[in-house]
1. When you check S12 against the structure, is it modelled with pLDDT under 95, touching a strand residue (DSSP E or B) at 6+ places or on another chain (Cβ under 8 Å) and not charged (D, E, K, R), yes or no?
2. Would you tally the residues in region 30-61 being small (G, A, S), over 18 Å from S88 (Cβ atoms) and at pLDDT below 95?
3. Looking only at region 185-229, which residues are of a type in the set (F, W, Y) and out of contact with any strand residue (DSSP E or B) (no Cβ under 8 Å at 6 or more places or on another chain)?
4. What's the number of the only condition in (1) farther than 29 Å from H290 by Cα; (2) surrounded by 16 or more Cβ atoms within 10 Å (Cβ to Cβ) that K239 fails to meet?
5. Mind checking whether some residue in region 295-304 is modelled with pLDDT of 95 or more and either under 26 Å from E183 (Cβ atoms) or outside any loop (DSSP other than H, G, I, E, B) (or both)?
6. Can you tell which of G265, G214 is on the phi > 0 side of the Ramachandran plot and either part of a helix (DSSP H, G or I) or over 15 Å from the mean Cα position of the chain (by Cα) (or both)?
7. Could you list, in sequence order, all residues of region 64-98 that are part of a helix (DSSP H, G or I), within 25 Å of M1 (Cα to Cα) and of a type in the set (S, T, Y)?
8. Can you go through F218, F254 and tell me which one is among the aromatic types (F, W, Y) and farther than 20 Å from H290 by Cβ?
Amino acid sequence: MLRASIDIGSNSVLLLIGDVTENGIEEISDTSIITGLGRNLDSSGKFTKQAMLDTIDAFKEFKTILKKYDIESSEVLVTATEASRVASNSEDFFTEVRKKFGFIVKIISGEGEAYYTARGVTLSTTTEDGEDDVIMDVGGASTELILVKSKPFKVRKTVSLPVGSVRAQDWIDEGKFQEKMDEILKKNDLSNYKTKSIIGVAGSMTSLGGMMKGLTSFEGKKINKQKIVFSEFCDFTDKILTMEKQDLHEQYPFLGKRTRTIGAGARVARALGLSLGVETLEISTYGLRHGTLYEGSIDERFTRK
């Protein structure tokens, strides 16, 4: 039986259709659309009208895809993360979504986001039994650091930091990025996540992996499990931060709307990686949507009551 999951993030909305097997997930369809729900969130405290319209358009496209596979909207596992936790109008918006499309949206906690992200990522890792991994999930409005044991699966520790590519871009535009980043690093004890090797996940990190490979179209199989010397990642970040948005889009057309925030996402990853002592960065194209799909349900202890 095919399953489907939707991850409503702070920058993109993603639909995954797959078949869960003994070896993990056999992906059938994987679609990502940039909608920017987290844009200007800190200043306005709510989703913008345009972001909601863009998200509605994404759901229309998802409905068409799901129909091809005879999957009902009510059967889809739909989660929403940091932007939806913060926005004052998220509940009303998702009520409208349910009425229009039949999707039952669960706003999950930072702990839940970390759990399902780690569950998804560990489906594609080759870590030995009993060893730990550190995952860095750079989203649009938050970044989760997760210390996880892959085999058998267990989340040891996790922290959700209120910074992601969309939020960081807003801070860059306001000239406050370094101030805000320093404040976050000062407030949070990240000593448990210090590591020489880290796994980077979600849209910003997978896109940066594709860019460093020189791809002009997004090819997940070429990006997944890619290993990057972190000093080279830092140098690449410096390079793209000096480029005009138009030049970035021309050189890496697969970025699409992500062109606006990709440099900000890179700055977040670089700041955290340097703070944690990272030497090697591994990219994973697996994530939250894979975790919920594999589990087959959303644990109520992770949802907003």
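The values are calculated or read from the model by the stated rules, or taken from the named source; none is laboratory data. Everything numeric here is computed off the predicted structure, so don't read it as measured data. Glycine also receives a Cβ, built like all others from the backbone with ideal geometry; neighbour counts cover every protein chain displayed.
1. So S12 passes the test.
2. Here the count works out to 1.
3. Answer for region 185-229, where residues must be of a type in the set (F, W, Y) and out of contact with any strand residue (DSSP E or B) (no Cβ under 8 Å at 6 or more places or on another chain): just F218.
4. (2)
5. No; the residues of region 295-304 include none that is modelled with pLDDT of 95 or more and either under 26 Å from E183 (Cβ atoms) or outside any loop (DSSP other than H, G, I, E, B) (or both).
6. Matching residue, one of G265, G214: G214.
7. Result: T64, S73, S74.
8. Of F218, F254, the one residue that is among the aromatic types (F, W, Y) and farther than 20 Å from H290 by Cβ is F254.
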